[in-house]
Amino acid sequence: MSTATVDIEQDDGRIARYRRHAGGGYVSVDAEAHETATISRGSYVDEGARVGQGARVWEDAWVEQDAVIGPLATIGSRARIGRGARIGAQAVVGSGAFVPAGAVVPALGRVPADTRYGVRRAA
């Protein structure tokens, strides 16, 4: 992981400090991303969040505060993982999908692209 940091002002006026991850994305200095995880450019992992071994967070995705991304899970580009959400091992969250705060996607679970997890489509 590089030592380069960037400070970003939050909505509440606090300054959050992020460190560039080897994949080009940013991880809060108060978050954990395993060294084998991929955090791609334009992606952010907020404070208190954890990204497990071999997990992939693709371009422009956002992992909010205290969320947990399990080992070998995949977070698609432009996906958003809400505060405190849990993504199980080897789960896949599709591009543009949204997993709301506190939601749990089980191990090997799938969230289709461009959907909101937990909301069923009309038949």
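Looking only at residues of region 77-111 that are assigned to a loop (DSSP other than H, G, I, E, B) and either among the charged types (D, E, K, R) or buried (at least 21 other Cβ atoms within 10 Å of the Cβ) (or both), we find that the one that is nearest to the chain's Cα centre (by Cα) is 79.
Residue 94 meets all of the listed conditions (1) farther than 23 Å from residue 6 by Cβ; (2) in contact with a Phe, Trp or Tyr (Cβ under 8 Å, 6 or more places away or on another chain) but one, namely (2). Total residues in region 1-60 satisfying the condition of being at negative phi, in contact with a Pro (Cβ under 8 Å, 6 or more places away or on another chain) and of a type in the set (Gly, Ala, Ser): the figure is 2. Please verify whether residue 34 is closer than 17 Å to residue 75 by Cβ, surrounded by fewer than 18 Cβ atoms within 10 Å (Cβ to Cβ) and out of contact with any helix residue (DSSP H, G or I) (no Cβ under 7 Å at 6 or more places or on another chain), treating the condition exactly as stated. For residue 34, the condition - closer than 17 Å to residue 75 by Cβ, surrounded by fewer than 18 Cβ atoms within 10 Å (Cβ to Cβ) and out of contact with any helix residue (DSSP H, G or I) (no Cβ under 7 Å at 6 or more places or on another chain) - is met. Pairing residues of region 3-26 that are part of a strand (DSSP E or B) with residues that are among the acidic types (Asp, Glu) and surrounded by fewer than 17 Cβ atoms within 10 Å (Cβ to Cβ), at Cβ distances under 6 Å and at least 6 apart in sequence or on separate chains, gives 15/7; 15/9; 17/7. Please specify each residue of region 45-59 satisfying the condition of being within 18 Å of residue 16 (Cα to Cα) and surrounded by fewer than 20 Cβ atoms within 10 Å (Cβ to Cβ). Within region 45-59, 47, 48, 50 meet the criteria.
No lab work stands behind these numbers, since they all come straight from the coordinates. Just so you know, these numbers come straight off a predicted model, no measurement behind them. Don't worry about glycine lacking a Cβ; one is built from the backbone with ideal geometry, like all the others, and counts go over all protein chains shown.
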